[in-house]
Structure formats: structure tokens, C-alpha cells
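Participant: A single structure is presented below for examination.
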Amino acid sequence: MANKYPHTPDGRYFIAKNRLWRCTDPSLSEDEKRVHIKALMKARRAVRTTQKQDDKAGLGGAREAVQAAKEALGERGPVWWDDDAPDETGFAPHNSSYAKWWENLP
């Protein structure tokens, strides 16, 4: 099955809305990913619920849970690669180290 979003050749990022977004750490087992994705979905539901209820105190905790789950997946926080390459999350691909690759995509 083809990916909906292009992925950089090194597998570190996917591109959505003209921005680089960090992929999940490929060293995580399927079980680990499943646990963290489940926690992420629960936290996102909590964000939505607390926003609807205008619960500002609860919203902070829900957002912290989203952050924790994203860090556990390797999508935020310290990078999961070990070659000292910088984190380019949020960069436009044409303004990143992937610019040549990006301009050569079909």
C-alpha cells in the first residue's frame, strides 16, 4: 500500500501541508507503537472533550498527555537517529536539507 504522504529517503519525515513532520521511531516494536498510539488517541480525545467543556485546567493535563505520547513515539522530543543531524520538523521541504530531493519528486 502506498503512503498517503511522501516520506524522505531516510525515513525520518513525512510531508504534509508543505511541512516536514517527524515519523515514529522505527526501532519501536509493534506492541510499543500500539500502546503509545492508544495513549495518544486517548489524550487527543481528552483535549477535544476539555475544549468543549471549557475546562482550562483539564486541557493543560490533556495536552501534556499528548506531548508525552508523541515523545514516546519519537515524533517529538529528542530525535531517534544518532548521526547528529538536526531536527527539521516543521520546515518546508524546499527550505531544508531535503530541498534537492523535494524538487526532484514527480
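Participant: Add +1 for every Lys or Arg and -1 for every Asp or Glu among the other residues with Cβ under 13 Å from the Cβ of Ser96, and state the total. Numbers along the way, then the final one.
Facilitator: Working: positive: Arg12, Arg19, Arg22, Lys100; negative: Asp10, Asp87, Glu88, Glu103.
With Lys, Arg at +1 and Asp, Glu at -1, the neighbours total 0.
Participant: Give me the 1.4 Å probe accessible area per residue for the chain, excluding ligands and nucleic acids, in Å². Mind showing how you got there, number by number?
Facilitator: On the way: 7390 Å² over 106 residues.
Accessible area per residue, the chain: 70 Å².
Participant: Check Cys23: other-chain or 5+ apart residues with amide H under 5 Å from its amide H, H built from backbone geometry?
Facilitator: Tyr13, Phe14
Participant: Another question, if that's okay. Given a 1.4 Å probe and heavy atoms of the protein chains only, how would you sort Asp54, Asp84, largest accessible area at the top? Kindly include the intermediate steps, with their values, before the conclusion.
Facilitator: On the way: Asp54 105, Asp84 145 Å².
Correct descending sequence by accessible area is Asp84, Asp54.
Participant: Here is a follow-up. Could you give the length gained by full extension between Val35 and Trp81, i.e. 0.36 nm per residue of separation minus their alpha carbon distance, to one decimal place?
Facilitator: Working: separation 46, 0.36 × 46 = 16.56 nm, distance 2.14 nm.
Gain on extension, Val35 to Trp81, equals 14.4 nm.
Participant: Expected output is a single nm value to one decimal: the length gained when fully extending between Glu103 and Ser27, i.e. 0.36 nm times separation in residues minus the C-alpha distance. What is it?
Facilitator: Working: separation 76, 0.36 × 76 = 27.36 nm, distance 2.92 nm.
Value of the extension gain: 24.4 nm.
Participant: Right, something else. Can you pull the Kirkwood radius for the chain, inverse mean 1/r over Cα pairs, to one decimal in Å? It would help to have the intermediate numbers written out before the result.
Facilitator: Values: mean 1/r = 0.0652 Å⁻¹.
Over the chain, the inverse of the mean reciprocal pair distance is 15.3 Å.
Participant: A further question follows. Determine ³J(HN,Hα), in whole Hz, for all residues of the stretch 88-103 in sequence, where each value follows from phi through the Karplus function 6.51 cos²θ - 1.76 cosθ + 1.60 and θ = phi - 60°; x replaces Gly and Pro.
Facilitator: 10, 3, x, 6, 6, x, 6, 10, 10, 5, 9, 4, 5, 4, 4, 6
Participant: Write down Rg/Rh for the stretch 33-78, rounded to two decimals, with Rg from the C-alpha atoms and Rh from the Kirkwood relation over Cα pairs.
Facilitator: Numbers: Rg = 10.7 Å, Rh = 10.5 Å.
Taking Rg over the Kirkwood Rh, I get 1.02.
Participant: Related question: How do Leu73, Leu28 rank by accessible surface area computed with a 1.4 Å probe, from largest to smallest?
Facilitator: Output order, biggest surface exposure first: Leu28, Leu73.
Participant: Calculate for the chain the 222 nm mean residue ellipticity that helices alone would give, adding -39,500 (n - 2.57) per DSSP H run of length 4 or more and normalising by residue count, nearest 500 deg cm²/dmol.
Facilitator: Working: 3 runs with 46 residues, N = 106.
Estimated from H runs of four or more residues: -14500 deg cm²/dmol.
Participant: Apply the Karplus curve 6.51 cos²θ - 1.76 cosθ + 1.60, θ = phi - 60°, to the phi angles in the stretch 58-69 and return the couplings in whole Hz, x for Gly and Pro.
Facilitator: Residue by residue, the stretch 58-69 yields x, 5, x, x, 5, 5, 5, 5, 4, 4, 4, 5 Hz.
The values are calculated or read from the model by the stated rules, or taken from the named source; none is laboratory data. It should be emphasised that the depicted structure is a prediction, and the values quoted were computed from it without experimental measurement. Glycine also receives a Cβ, built like all others from the backbone with ideal geometry; neighbour counts cover every protein chain displayed. Quick note on the areas: whole protein, heavy atoms, side chains included, nothing else; ligands and nucleic acids left out. Shrake-Rupley method; radii C 1.70, N 1.55, O 1.52, S 1.80 Å.
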